[in-house]
Structure formats: C-alpha cells, structure tokens
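Scroll down for the structure; my scribbles are underneath it.
The values are calculated or read from the model by the stated rules, or taken from the named source; none is laboratory data. Owing to the predicted nature of the structure, the values given are computational and were not obtained by experimental measurement. All Cβ positions, glycine included, derive from the backbone under ideal geometry; neighbour counts span all protein chains shown. These area figures cover heavy atoms from the full protein model, side chains too; ligands, DNA and RNA do not enter into them. Shrake-Rupley method; radii C 1.70, N 1.55, O 1.52, S 1.80 Å.
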Protein chains: 4
Amino acid sequence: MSFNTFGHLFRVTTFGESHGPAIGCVVDGCPPRIPLSEADIQPYLDKRRPGQSRFTTQRQEPDTVRILSGVFTDGDSGQPVTTGAPIALMIENVDQRSKDYSAIKDSYRPGHAGYTCDVKYGLQDDRGGGRASPRDTAMRVAAGAIARKVVPGLSVRAALIQMGPHKIDREAWDWAEVERNPFFCPDAKAAATFADFLDGVRKQGSSVGAIIEVVAEGVPPGLGAPIYGKLDGDLAGAVMGINAVKGVEIGAGFAAAMLSGEDNADEMRVGNDGRPRFLSNNAGGILGGISTGQPVVLRFVVKPTSSILTPRKTVDRYGNETEVMTKGRHDPCVGIRAVPIGEAMVACVIADHYLRQRGQVGETPAWPFKKPAV
Amino acid sequence: MSFNTFGHLFRVTTFGESHGPAIGCVVDGCPPRIPLSEADIQPYLDKRRPGQSRFTTQRQEPDTVRILSGVFTDGDSGQPVTTGAPIALMIENVDQRSKDYSAIKDSYRPGHAGYTCDVKYGLQDDRGGGRASPRDTAMRVAAGAIARKVVPGLSVRAALIQMGPHKIDREAWDWAEVERNPFFCPDAKAAATFADFLDGVRKQGSSVGAIIEVVAEGVPPGLGAPIYGKLDGDLAGAVMGINAVKGVEIGAGFAAAMLSGEDNADEMRVGNDGRPRFLSNNAGGILGGISTGQPVVLRFVVKPTSSILTPRKTVDRYGNETEVMTKGRHDPCVGIRAVPIGEAMVACVIADHYLRQRGQVGETPAWPFKKPAV
Amino acid sequence: MSFNTFGHLFRVTTFGESHGPAIGCVVDGCPPRIPLSEADIQPYLDKRRPGQSRFTTQRQEPDTVRILSGVFTDGDSGQPVTTGAPIALMIENVDQRSKDYSAIKDSYRPGHAGYTCDVKYGLQDDRGGGRASPRDTAMRVAAGAIARKVVPGLSVRAALIQMGPHKIDREAWDWAEVERNPFFCPDAKAAATFADFLDGVRKQGSSVGAIIEVVAEGVPPGLGAPIYGKLDGDLAGAVMGINAVKGVEIGAGFAAAMLSGEDNADEMRVGNDGRPRFLSNNAGGILGGISTGQPVVLRFVVKPTSSILTPRKTVDRYGNETEVMTKGRHDPCVGIRAVPIGEAMVACVIADHYLRQRGQVGETPAWPFKKPAV
Amino acid sequence: MSFNTFGHLFRVTTFGESHGPAIGCVVDGCPPRIPLSEADIQPYLDKRRPGQSRFTTQRQEPDTVRILSGVFTDGDSGQPVTTGAPIALMIENVDQRSKDYSAIKDSYRPGHAGYTCDVKYGLQDDRGGGRASPRDTAMRVAAGAIARKVVPGLSVRAALIQMGPHKIDREAWDWAEVERNPFFCPDAKAAATFADFLDGVRKQGSSVGAIIEVVAEGVPPGLGAPIYGKLDGDLAGAVMGINAVKGVEIGAGFAAAMLSGEDNADEMRVGNDGRPRFLSNNAGGILGGISTGQPVVLRFVVKPTSSILTPRKTVDRYGNETEVMTKGRHDPCVGIRAVPIGEAMVACVIADHYLRQRGQVGETPAWPFKKPAV
C-alpha cells in the first residue's frame, strides 16, 4: 500500500538512511501478551551484521536495537510482553563515513539505484545509497524476529546453496553446519570451496551472485487465499523486494517447466498421526495460494553487488559520459548477508497471513472432516 | 489487505467462480477521460479464451465482456470515456458443466487447491475449482486491457519461450511470429517442435510446464520505490499470484548467481537522443526497485496442470486413502493460456506505479539535470 | 486507499451509476459457512426503496438483488452458505429516465455534486447524478445485511428523531412504532406531526433536513483501537460518507461541551450477571476508541436535498451565470431514506472491527480477570 | 487500514506511550524536494504543549522534535529538503511520573479507556494511559506541520468557540486574537469569560467540554470523491479519532436539519476573478464529498476529561466494586489543547487527498471549460 510499509495485519513500516542518525521500524498489529524484549531480536541482527568475517564489508555497525514502545512489564506475568500497541524499534547509526562517496556523487554507479532514485525524486541523496542502502534490511530482520513469535511452532531457516558457479551437494545438507561457516552454507565441503572462490573474487575487487533457500516449518495449513491474497504471491513480492534479488521460486520452481503433471503433483496418504502426508513437496508447501502444512520451501537469487573496484562506463547527472569506480569497503558476495533477511521476510509474510486467516475464518474444523449424516 | 483486490491506485477487485452465474471485476482508480469501450478489452480476452486450438481445454466460453459502470459518452468528445468512477466488468458463465466433477468431489486432486481450500474455509466448493479456478484470470486480462490505456506509450507483450524441455532459439525471436502459432511462441521452428511434443503429451492424458517471458516497453523511468513499494517486488507478487506459477525472475534472473559484478552491472552512455543509453539489460529495466526506462523483462514458470487422466494416490475429506483421476476436458499445457495473463498482470502493476509516482512526485525534472550555479 | 472501497477485513467495493445498466458491490473478507441467500438481503433493500409513500421520490426501482458469487449450497449443511470468496451483488437499473436532466445538464445545481465532479474529473456525467447519486446507497444497505450476519448477536436499528424543527419526545420512544409509519419515527405523535409538516414542504417543491439516531446492541466489548483504528473514528467516517450527511455525533455528542467531567463520565458497577454495568451511556458505547459493551449510540444529520422546484442562481460549465430548477421527481426529506443506510454503515463498521479484533487478538480472557498469585 | 496508520498517500504511522522512552511517527509518501527542518514543526508542537498556562495540565514536556530520516541537505538548493523517503520524527519523553497512577492501576476510571483497553488486549498498561494517552497527539501535530507544506497555498487555522455553556460572538471573530489568549479563542470578550469560568472549574477539580472550529483556506477544488473516498467522510473520521472527541460537523452541520433546501444550497455566481463565487457556505466547502474551493469549515466537540478530583463509582479488573479519584495534574478543559490537533488532522487529510487527486486525475482543465465545437 505504502511505499515503506509491508504487510496487512502484521505491518512493518521502516525508515532511515544508511548515513542518517538512525534507522528504525514500527511493527503494528502484533498480538498482545507475547513475551518480547530486545534479547529476542538482537541475535538475528547479529547474524546479519557485516564485518564478522573477511567475506563481508568491513563497515562496523554494532546494530544494537532498542524497543521504544509497544512492550511493558505486565503485572500479571511479571515479564515484558507486547501490549497490542505499535512496537517501535530503533538502531542508531554509528559508522557514517559519507565522505567515501563524495568523489563519485554526481556519477551514477552502473547497476546501482543512484540513477533511478535521481530520475524518480529529482535529487541525489549522496549519503551512501540513501534510502536504497541495504542498511534498511536490519529492520526487516528485527521485524522478522517478532514475526517468529506470532505464529506458535513456526521455524524459519535459510541457507546459501550456490555461490557463483558453485552449488552445494543437497545430500550433504546439515542445518547445524549453517551455523559453523561464514556463508550460512549447509554443506561443509561446499563452504570450503566458497571460501577459496570468494577470496579470489575479493582480491580482484570483484563480486559474485548467490542463491539462498528458505525453509519454513510449522506453517499451519490454510494460510493464504486462492486469488490475490496468495501466500506464494506475497512471499514472492516480499523476497523480490530484498535489495539485489532478481528471482524467486517456490517448491520445484523453474524446474517445474520440465516436469509432467504426474511427476509434479504431490500425492497424498494418511500419515501415522492421522494427518495428511504428502509423498513429495514439489508444491513447496503451497497449493492454489494456500499453505498445505508441508514445509514452505523458497529460493531466491542475489545479484553480485555493483560496488566493485573496476572502473566502469557511466554518465553523470549533468549529461556527461564518464567512468566510475567504488573505493573503500565492499561486499564481494552480498548474498551471504541476504540469508537472515530472507528468513525474516518469509517469517513476516507467514505471521501476516496467520493473523489474516484468524481474522476472516477464526477456527476451522481440522481435517478429516466429519461426514454429514444422510 | 483484501484477499481479492490487487493494486493500490489502479485497483482491481475480482469476483466469481467458474461455475457460478458470472465472473467480474471492479477497476477502481482509473483516470477519467480515457476513451474506453468493450472493443478495447475483448481482443485480449479472445487471446486468452480456451478452446481455440487442440492444445487447450475444449471448454467453450465465449467470454463476452460487458462494461456495467464507469464509462459514458462524453458530450465534449462524443465518444465513450472513463469517468473516474469504478469500472465494473462482467462476463456471464455459459458452460457450467459442474457434473464433471461430482464423482471426485470428496477426494482431493493431488497438486490442486481442493485440499487447501477445504482446510482453510471448512467447506468444499465443488463447482469446478470454485474460486481457485483459472476462470478468474479472464478478469485479470480484462483489467490489464484497461491498464494499458492508463500509461501513455506503454507496450506489454509476452511469449512462451520454453515448453517441457524444449527452449526457443533467442536469436530467432520474432514478435510477429507470436501471433501466428497457437503457443504464442516467437520462434517458428520451436513452435513446430512444441506442437509435436504437446500432441504426445495430450494423447497420454498428461501435462507439461512452460516458461513465459514478458517484455514491457515504454515504461517511464522512475516508477517504483527503493524499499517496500519496489516495482520488481510488486511485479513478482503479481505474477506469482497467477494460477500455477512457481517462479519468477527479472532481467538476468537466476543466471545472475553466476555473473561477476563487472558482467552484471549495465554500463551507461549518452544516447543519440540525449537520453541515457544502457549497454546491456541484466537489470531487466529495474534498479533498486525503480524503473530505468529500459524494457522491463520478466520470466515466469507455469507448472503442469494437476488435472490429468492418470489415477493418483490421494485422500478424501473424511480421512480415507483413495485414488483420483480427472475426467473430461483438460489443458495439456496451461502455460499457453498464461501468456496473455502475464502481460495483463505486468500492465496492471505498471499502471498502478505510474499513478503512484504521479501522486507522490508529480513532475520531476528529467535527466540530465541542470547544474546548480556555484 | 481506494475511492470506492470501504472497510478493511470486511471490505465493500461498490460500483454503478444511477442511469447505467446496473449497480453492484463486492463484499470481500466475509467469513465462510455463514448461511446467506438473497432473502437475507432483500428486506433491507425494500425498507430503503423509494416510492413507497408520498414522502419519498416517486422513482420506481424494484431493487431486486442478485448474488453472483461467494455463496454455494454446502454438501454438509444442505443450505446456501458463504464460501469465504468475494460475494458480488448486483441490482439492474430499470428506471433510467435520463432525459429528465438534459435541460439542465450544463448548469450546476446549487448544493449538488455536479460542479465538484466536473472540476475534479473534467467531465459531466449527466445521467442523474452519475456516481454521486444516492442510488449507490442501495449497495451499502445490501452489504450491511451481510455485515449483520457476521457478528453473532448484533442488532442495529435506527430511527428518524427530528425533521426540520420537529423533534420526537424521547420518553415516547417505541421501536415497534418505527415499522408503522413512513418516517421510521419511534414516536407516533411526532410521526403525525412530521406527516403534516412534510406535506407542506412537498407541495411547495421544497425540502427539509432531518436527524437520525442509530443504536447498535450486542456489540462485543473490545472492538476498535486507542488511536487511528478507533471504532468511533471509523463510524464517523462511514456515516459522514453517506450522501447529504453534514454531521455525526456519538453518545452525548455536541451536548458534551456543556457537561462537567462528573456528569459526563459513566460510572460502573457490577451487574447481576457478573458483568460490568454502566450507570449511564454518555460515551455512546465507546471509550478511548474501543467498544464498552454498552449499546453504541450515534446520531447524524441529513441536509435538505438540493433538488427543489424553485429557480436558483448558478453558473454553467462554460462560465455563464444562469438559473436552474430541478423538474420532475424529488425527495422532500431524503433523511427518511437515510435511516436504513445509517444502520447499514454502522453494521459494516462493527463487522469490520469484529474481524480485525479476532485477527489481532484472538481470544481475550473476559472481565473479570483472574488475580495473579503473589 | 492499520490500527496506527492514518492516510493513504500521505501516510502517518505513530508509536509510543506516554510513559515509555519516546513517542514518534513515520510520515510516508511526502513528495520530495520540499524544504523541511525541525524549525517548520516545532512551533506547532509548542502551541499544543501543556503547562503553558494555569488552564492546562502542569505536566512539563519540552516536546523537542527530532527528524531521524527523510530529509537531507540538497546539493542543488543548499537547504534541507525532503527526499521522498519516509520522514521519521521522535520526541523523547522526559516527564514520566508513572507512580502517580500506581494507586489506582487496577481500578477503571469512569470515562477513561482503561477498561476498554483491558478487555481488548487482556492487560493493563498502567503507565499513564498507555497508548490511549493524549501524548500521541503531539505526533499528529508534527505530521500536520509537514502536511501543510505539501499543498501549495493551504492555510489551516482553528479556534475554540465554546467552553461549557459559553459561546463566542461570531461577529467578534478575530483570527489575531486567537494567538493572544490561552484558549485559542477568536473573541477577546469570550476569552475573558472563559478564564473566569475555567478558574472555577479548575478549583473544583472538575472539568468541562468545548467546541472547536477549524477553517481550511486554499483547498483546491476537486479533492475527494463522490463515494467512499469522500473528503468530508475522511475529515470526520480523522477528527473523531482525536482523543475525547464526541461529534463533528461540516458547514451548517446539525443546523442543516432545520434548513429548507432553498436556504441550505449555496447559490453560485461568477466572481470578479472569473472563478465561481458562492453566495454562502452552508456546504462547508464540500459538495458530494468533493471540495468546492470555498473554505472547508468543520466543528468538533471535546468532552470533559474523565480525570477529575471527585471520587467516582467504578469496578476493578478483578470484579470488585470500588471508587476511584484521579490525583495530581489534570486538564480542566482538554478542548484547549485539541485546537492545534484539529488543525493538524484537517491538514493531513487535505494533503492526502491532494496527492490522491494528483495520482488519479493529474491535471484537470479548470473551470470554465471550453465549449466543444458543434
């Protein structure tokens, strides 16, 4: 709806520029009486924070989040809980080296939003990317931490599964491994390959793309809608809205082009728990825009950053042809830092649909239904 | 917010089930004084209409659209124009063979929305897919026809570029060819291959997926926003919201994972017309969520339909394991009919952003900007 | 956001002009499995329908409503129920005497939307008021009939309590009387006075204003929000949005200016049913934007219609001074027909907030709360 | 849409509790390149700030606003301007005496939101009214200061025209006088009466209601819409959403009940400037939901505050009957401080509709229209 609000019942409005005094967000619509403190949010921010290995930008941002509203210590429970009022979060910016950009401020960096922001708004916010900076993604991650608490039993995890030409071995997938390497890679061998490869990219002052996979488990069946409020449509919009993302797919994704109807459709049986059991998950947990109860599986691609140390042909804002090169800190593979952001966006969309479903439908009789008497 | 409205300033609300009396939509927010009559809409519906070749379902729907409101013959211009009031469109359903489905109504078809709709709403609308039916896409196409008229100079075209394992030769791309074969394929040779391939699929009662490419030309630079109102995010959400779509990518898309920053970023020069000229279009016409003025290029994948003639394992709504098979008419490659629908969704998103940009920004000084006096 | 949609989770989008082929609406977000057929809606339309007494316009509109979507006969219950899909309603226009207006089409009627619509949209929809016609209110009434079924136990009634200078005696209030006179007046004596008075107005070709009171009982406590989603704010917006309404007040309303804090605040006791009992209702059932559980009481004023038989000074669209007079059918007191419309808007707002509350909060422990153990 | 967002294209999202660390808002959708600094906002906050005379609460809040985002010093103009990005504003709370409320925290104050917030959210935010506190209105005023800059030529002023039973003499109206007395009263004699009257109320620990009139000049004709996006509907919703407001009327308002159609409708002539001239303004500047170009005139009533020094019958949250009395600081007439808030809400609504009109319609040919050639 708005240009800076995301979601419907679980609504996130973000603000802030990379080199202004602070960034922040307002999470509106969160149910009351959910235990919440900064300690629930900070770990996710720490995952996203740059400068933690030689593979991400050396910009140092402690990214310490502060809750400004919407939480208070309840007399009944004695712990901080949400009140139902909007939850404002703020992170002060501490590393505002805007001078890095002054030399190139009138020249558009190829592949960067400088040109499009200028032709849209008629001005250049020359402070490190202004609003278009990936700095804003910290607030997406913070909001996602709250979203996770809204849906009981929800787990959202992500992993980097391809860097440049190098793919993981899916058979070797180990979620525990994701926490052990600087790439969020679920395959230890691939992580070693990524490290070598990315060192080379970094030393050349170049950059490379990546593919991330997000898996959400514990998504209740019935979230979404058959037409415009589709869970997959909203997920795709949310994830494509992350900086530098150029594609998104769900379940079998683009590979579905090559499948037959027999191979694609996930057959169903009755599970030992009496609930439906699917024999495969080409649907990626979503059928007809509505969650099936299977894990929601989504992949997205992050392009290589345009901030590279090689001079590139461009124009400036006054009509002259010129060359431009980004000096200083850069991210050889921004896809790495997109991993927790992808998780967060998926969590926000699911939380939103969880509340929407509760609003419209309330309690539904669960499958199997009772046969009506004849 | 709503489950059945799409867009913000150019808003489309659709209604109707495949086997109810009618389907329709309300297009709200359309600017006034745009010439519009049924003749502007019907050709696009005719393109989407099934039963035009042996390669689509034989369901016969004349799909004759009727404008119920929002247009009147202006005294000044003497022709029918939009008034600024909501434009309601309606198509009466004439081929409501709901008995085709009665045998299987309590069993969920694998890969079909029957199960998810049931666990969401607690009831089975057994009339040919109910709301989840692709019947609704006729209204998307109709709305798209109006959207095209909102943005001066806009052209949105699409083509089927892959069917099953068969891809087109991009060197052979000919837009004129798209009108000449039943697949909307821009490569005559590939179209012949598709025909042979799909005949085989059809005879087996099977189905197959496809990939469609949409190209929007004449998109003004500056549409979109750097964060949540991103043009690419909204396009992805819109296109993923089409029935059976499982993935969407923009510009270089998933291939960007393998590109270096040097190869990916589109360099800029000054064109002969004094406007910026890009030396490539890996961005697909969108940088930082905002249109560059280059063609917007988007691809999406359509899964094979789940309505196939082979028996499949499933469960019914009362907890029993069973098998199900779809009898009667079916679409061996629903991707074909998705071509005009993809065009329509892209047109709607662009029209919406065109109005949003005009609302927030009004007139922007065009590039190149005037250098301020020192 | 939209200019023609009302509500958030219970959303009503209307369309149609008074002299076009049809008017209609789409009610989106209605919960599934609510029994609904045309018979639930038609009686409310019949109440609003003009031409039922000599005191309303003689325009004859049978106003027969047809449900186009969103309802089907459930196999489980055997009766027509909502499916959760959008419910489209349509009424064909049968009495389209647009020639009545042709003589005055270029002259703006004082007090009428013709001038403002023209300067807004740049054209004159000369068909009987176009979109601004009160014809649209039929769809508000229809949507209200559905809204009433969404909130269990809700009752919304209204009455005309003042016509011109003549007020009812509140001591004589009898809801049963409202059904017995053509003014929806709860005081039989006042109704007789109204009849005499309005006959005089009508014979002079003049018109007169009125005040209507709406009372909603069975509104659950807790609907609304402390800031922008206030129940009273949304009610005021909804009711002021009815044609010709110029003021709205809740509870003590404008009289609260003269009250002291002691007299205004409604004291509380514990009722015999163990629930809170208020000793007065100056709040009109709403405190801090949230329903108290008391009846919601709201009043609004309807101005006299501008369609009168006396010539009036005006200008035409081409810059000339002129005079204008409305010929033909007119409503001496449009406030009468506003009674069921006011009810409907209040019902829609309450249904919307009922779903919003369920979405955000779900189940709340009811008052009295359990004292936490120390 | 949201519970804490207001507006559509000019969108204000507020957050914060009276006794939390800060309150703030995010203004999204503001056009770029508008000169803006804290100095444009602070004067309006200073007007609203309590503790400036003996007639408002002695709570001391410096209310110093800080812009956190959305503004930067433009290289072209050399001054701080809006960028088109969301503008975040924050005010740190400095006077958080929450202990004032601890004695009464489990008892509901009659006429106060404590009870309704508790039954809605299932908890008591006992810090001075929590989210329902009038503290939030500071952010409405701040947002209003930005809104004023969005619409060229717009002037929005308000005045207190009735306190308790005492009304101003409208013949004595002098806008300059509004700045000279602590009541924002446009009539010097009435201001003296108000002072005497309110001193008595204050000494008794009582409170009293008031009526405020807002006048917006320079509103372009054509803002609003004939049905749900009505300017008057949105104004009514906005103003009724201010704390303690119980009624709102536009133009002739409730007095229109007693007018005849002849007396109510504003006749039109051609003004000396060639633009339409109205001979009266009973419409209050709005016809059919759309602005006429006349001043928009709106009145609203503010109830007496429920925080009074007299013991009142009530219940507590655990089901016991009790009495409650507010100690400490209180506002004998909260209507005084509502004056700048009313202005702000009206400015926000007009700015929103200004952008909406530009979005949908763009440039309209102004009245008078050119006669088409025959």
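Brief remarks follow.
- Among the residues making up the stretch B:316-328, those that are more than 7 Å from chain A (Cβ to nearest Cβ) and not in a loop (DSSP other than H, G, I, E, B) are B:Asp316, B:Thr322, B:Glu323, B:Val324.
- Enumeration of residues in the stretch B:36-82 that are surrounded by 14 or more Cβ atoms within 10 Å (Cβ to Cβ), among the polar types (S, T, N, Q) and outside any loop (DSSP other than H, G, I, E, B): B:Gln42, B:Thr82
- Considering residues of the stretch D:67-95 that are modelled with pLDDT of 80 or more and within 30 Å of D:Cys333 (Cβ to Cβ) only, the residue farthest from the other protein chains (Cβ to nearest Cβ): D:Val94
- Of everything in the stretch B:353-374 that is more than 10 Å from chain D (Cβ to nearest Cβ) and in contact with a Phe, Trp or Tyr (Cβ under 9 Å, 6 or more places away or on another chain), the residue that is farthest from B:Ala236 (Cα to Cα) is B:Pro368.
- Test result for A:Leu9, of a type in the set (A, V, I, L, M), buried (at least 22 other Cβ atoms within 10 Å of the Cβ) and within 17 Å of A:Ala138 (Cα to Cα): no
- Residues in the stretch A:257-283 that are surrounded by 19 or more Cβ atoms within 10 Å (Cβ to Cβ), more than 24 Å from B:Ile336 (Cα to Cα), among the hydrophobic types (A, V, I, L, M, F, W, C) and facing chain B (nearest Cβ under 8 Å): A:Met268 only.
- Filter pass, D:Ala265 being over 27 Å from the mean Cα position of the chain (by Cα), among the aliphatic types (A, V, I, L, M) and closer than 30 Å to C:Ser206 by Cα: yes
- For the stretch B:215-256, residues that are more than 13 Å from the chain's Cα centre (by Cα), buried (at least 24 other Cβ atoms within 10 Å of the Cβ) and hydrophobic (A, V, I, L, M, F, W, C) total 8.
- Out of D:Val119, D:Val141, D:Val151, one residue alone is over 20 Å from D:Arg49 (Cα atoms), open to solvent by less than 10 Å² (accessible area, probe 1.4 Å), of a type in the set (Val, Ile, Thr) and in contact with a Phe, Trp or Tyr (Cβ under 8 Å, 6 or more places away or on another chain). It is D:Val151.
- Breaking point among (1) closer than 22 Å to B:Gly51 by Cβ; (2) buried (at least 24 other Cβ atoms within 10 Å of the Cβ), for B:Asp331: (2)
- Members of the stretch B:330-365 found to be assigned to a loop (DSSP other than H, G, I, E, B) and among the acidic types (Asp, Glu), listed by number: B:Asp331, B:Glu363
- Per the conditions (1) in contact with a Ser or Thr (Cβ under 9 Å, 6 or more places away or on another chain); (2) without any contact (Cβ under 8 Å) to a residue 12 or more places away in the chain, the sole criterion not satisfied by B:Ala216 is (2).
The rows are residues; the columns are (1) in contact with a Gly (Cβ under 6 Å, 6 or more places away or on another chain); (2) within 27 Å of A:Gly251 (Cα to Cα).
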residue: A:Arg312; (1), (2): no, no
residue: A:Arg317; (1), (2): no, no
residue: A:Asn320; (1), (2): no, no
residue: A:His330; (1), (2): no, no
residue: A:Val334; (1), (2): no, yes
residue: A:Ala338; (1), (2): no, yes
residue: A:Asp352; (1), (2): yes, yes
residue: A:Lys371; (1), (2): no, no
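- Single condition D:Gly20 does not satisfy, out of (1) modelled with pLDDT of 90 or more; (2) within 7 Å of another protein chain (Cβ to nearest Cβ): (1)
- Neighbours by Cβ (under 7 Å, 6+ apart or cross-chain): first from the stretch D:156-170, free of Cβ contacts under 8 Å to residues at least 24 places away in the same chain and closer than 19 Å to C:Gly253 by Cα; second open to solvent by 60 Å² or more (accessible area, probe 1.4 Å) and not in a loop (DSSP other than H, G, I, E, B): D:Pro165/C:Met258
- Qualifying residue in the stretch C:155-163 (condition: open to solvent by 20 Å² or more (accessible area, probe 1.4 Å) and under 22 Å from the mean Cα position of the chain (by Cα)): yes
Listed here are the residues, each with its yes/no results for (1) β-branched (Val, Ile, Thr); (2) over 20 Å from B:Ser133 (Cα atoms); (3) at pLDDT 95 or above.
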| position | (1), (2), (3) |
| --- | --- |
| B:Ala252 | no, yes, yes |
| B:Glu267 | no, yes, yes |
| B:Ala283 | no, yes, yes |
| B:Ser291 | no, yes, yes |
| B:Val296 | yes, yes, yes |
| B:Thr305 | yes, no, no |
| B:Leu309 | no, no, no |
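- Qualifying residue in the stretch C:347-367 (condition: modelled with pLDDT of 95 or more and open to solvent by 40 Å² or more (accessible area, probe 1.4 Å)): yes
- Verdict on C:Thr292 being under 20 Å from the mean Cα position of the chain (by Cα) and either surrounded by fewer than 17 Cβ atoms within 10 Å (Cβ to Cβ) or facing chain D (nearest Cβ under 7 Å) (or both): no
- Residue match in the stretch C:218-235 (condition: modelled with pLDDT of 95 or more and more than 14 Å from chain D (Cβ to nearest Cβ)): yes
- Qualifying residues in the stretch B:171-197 (those that are over 22 Å from the mean Cα position of the chain (by Cα) and touching a residue at least 24 places away in the same chain (Cβ under 8 Å)) - the one nearest to B:His112 (Cα to Cα): B:Phe197
- Of all the criteria given as (1) crowded, with 22+ Cβ neighbours inside 10 Å; (2) facing chain B (nearest Cβ under 8 Å); (3) within 28 Å of A:Cys117 (Cβ to Cβ), the one not satisfied by A:Lys313 is (1).
- Of all residues in the stretch A:126-141, exactly one satisfies the criterion of being modelled with pLDDT of 75 or more and among the acidic types (Asp, Glu), namely A:Asp136.
- The stretch A:169-187, residues that are part of a loop (DSSP other than H, G, I, E, B) and either open to solvent by 20 Å² or more (accessible area, probe 1.4 Å) or within 17 Å of A:Gln52 (Cβ to Cβ) (or both): A:Asp169, A:Trp173, A:Asp174, A:Glu179, A:Arg180, A:Asn181, A:Pro182, A:Phe183, A:Phe184, A:Cys185
- Within the stretch C:188-210, being open to solvent by 20 Å² or more (accessible area, probe 1.4 Å) and either in a strand (DSSP E or B) or not small (Gly, Ala, Ser) (or both) holds for C:Lys189, C:Thr193, C:Asp196, C:Phe197, C:Asp199, C:Arg202, C:Lys203, C:Gln204.
- Scanning the stretch B:325-374 for residues that are among the charged types (D, E, K, R) and touching a residue at least 12 places away in the same chain (Cβ under 8 Å) gives B:Lys327, B:Arg329, B:Asp331, B:Arg337, B:Glu343, B:Asp352, B:Arg356.
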